[in-house]
1. Is it true that LEU67 is among the hydrophobic types (A, V, I, L, M, F, W, C) and surrounded by fewer than 17 Cβ atoms within 10 Å (Cβ to Cβ)?
2. Just give me the residues in segment 74-119 being over 24 Å from the mean Cα position of the chain (by Cα) and not in a helix (DSSP H, G or I), in sequence order.
3. Pick out, from segment 162-262, the helices (runs of 4 or more DSSP H) lying fully within it that include 2 or more residues that are surrounded by fewer than 16 Cβ atoms within 10 Å (Cβ to Cβ) and modelled with pLDDT under 95.
4. I'd like to know if segment 121-140 contains one or more residues that are crowded, with 18+ Cβ neighbours inside 10 Å, modelled with pLDDT of 95 or more and touching a strand residue (DSSP E or B) at 6+ places or on another chain (Cβ under 8 Å).
5. Counting just the residues of segment 263-288 that are assigned to a helix (DSSP H, G or I) and over 14 Å from the mean Cα position of the chain (by Cα), which one comes out surrounded by the most Cβ atoms within 10 Å (Cβ to Cβ)?
6. Against the definition (surrounded by 13 or more Cβ atoms within 10 Å (Cβ to Cβ), under 11 Å from LEU130 (Cβ atoms) and in contact with a Ser or Thr (Cβ under 7 Å, 6 or more places away or on another chain)), how does LEU92 come out, yes or no?
7. Among the residues of segment 218-239, write down those that are touching an Asp or Glu at 6+ places or on another chain (Cβ under 9 Å) and in contact (Cβ under 8 Å) with a residue 60 or more places away in the chain.
8. Would you confirm, using the coordinates I've provided, whether ARG193 is out of contact with any helix residue (DSSP H, G or I) (no Cβ under 8 Å at 6 or more places or on another chain) and more than 24 Å from CYS72 (Cβ to Cβ)?
Amino acid sequence: MRTITDNLKETSEDLQILLRDLLMNYSSIYLWNKNRPGDSIVIISTSGDYAYEKLTEQGRQVQAELLKKYHCFYELINVLLRNQPKDTLAELSKSNKILLNIIEQNNTWCKNTTEALDKAVQALKMQCKLLNRLYDPFEGEVIFVPDTNALIYNPNLESWTFLEYPKFSVFLLPTVLSELDLLKINHRNDEVRNKSESLIRRIKEYRRRGKLTTGVTVVKGRIKIQSIAIEPDMNASLPWLDPDNKDDRILAGVIEVMRARPRSIVKAVSRDINFQNKAEFANIPFEEPPAPD
C-alpha cells in the first residue's frame, strides 16, 4: 500500500536515472574562465567558472524528457509543502534552483559531470526528505475520493468493496456534492436525477449518525464517510489545472486530501478516461468504482 510520499520518492528514483543518463552519457564540462597570471583583464564569475559543452540532438531529447518529468514532480511537492514554515520553503526553493541549473546546463561551479550528478541527486533527496515534515493525524488510513460519475454509477456506498482494502473511508468533495445537487434537478435523464436525489438523501441520513465533516460510520468496522467543507484553492494548486473545469477542481480537491493525509493511502475513484489521464499525469493514483449489485 503506497502513499503520495511513497510515490514521489519512487518518481525521484526515476529522475535520478534520467539525470545519470543525461550527465554521464551526453554531457561534458569545461573550464571557460581561464584567468592566467599576467592577464590584464581578470574575469570574476558569479555563476561559475565552468560550462557545459553543447548537447547533441539526442542529448537534447533526454534533457527535454527530464525537464518535463521534473516539473511535474516539483509542482506536486511544491503544492504539498506550501503551508510549511519559511525555512522549509527556502530549502525547497534552493534545491529546485540547483536541479534546474544542472538540468538546463547553465554555468556551474562543478568541475565535472560526476560532481554535478552527485549535487543533483542530493537536491532530489532533500526534496523528498522535506515531505517527512508533513503532519498526518491518521497515518495509515485508506481514503477513496470519488468523482460525481463514480457515485452515480454506484450510489450504494454500503456495498462498496475494494479487494486490497477491506477497511476504508470515502471522502466527498464540495465540488462533487454541488454537482449532485444540480443533477437531481437539471439532468435530462430521469435515472440520473433519481440516483442523485437518492444519494443526497442517503448522505443526509448519514449526518444523523454524527458530523459528516469529521466522519461517520457507514458499515461498522469497514466503511466510513466524510465530507470536505472547503473548496480547494485553485491558485495554490497545480498550475495547469483549470478552475472552471469540474474534473480539474476534483483533482485539486484530491490533492488537498493528500496534503492533509500525506502518510495515508489516498486514491481518486473514477470511470472517466479523461479524468484518469489527468490523474496519472498529476501522479495521483486512482481506482475504478465498484460495480453495482
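The values are calculated or read from the model by the stated rules, or taken from the named source; none is laboratory data. From a predicted model like this one, the values you see are computed outputs, not experimental measurements. No Cβ is skipped: glycine too gets one built from the backbone with ideal geometry, and neighbour counts run over all protein chains shown.
1. Spelling it out, LEU67 is indeed among the hydrophobic types (A, V, I, L, M, F, W, C) and surrounded by fewer than 17 Cβ atoms within 10 Å (Cβ to Cβ).
2. GLN105, ASN106, ASN107, THR108, TRP109, CYS110, LYS111, ASN112
3. Per the criteria, 174-186, 190-207.
4. Within segment 121-140, none of the residues are crowded, with 18+ Cβ neighbours inside 10 Å, modelled with pLDDT of 95 or more and touching a strand residue (DSSP E or B) at 6+ places or on another chain (Cβ under 8 Å).
5. PHE275
6. Considered against the rule, which asks whether it is surrounded by 13 or more Cβ atoms within 10 Å (Cβ to Cβ), under 11 Å from LEU130 (Cβ atoms) and in contact with a Ser or Thr (Cβ under 7 Å, 6 or more places away or on another chain), LEU92 comes out as no.
7. VAL218, VAL219, ILE223, SER237, LEU238, PRO239 - these are the residues of segment 218-239 that are touching an Asp or Glu at 6+ places or on another chain (Cβ under 9 Å) and in contact (Cβ under 8 Å) with a residue 60 or more places away in the chain.
8. no
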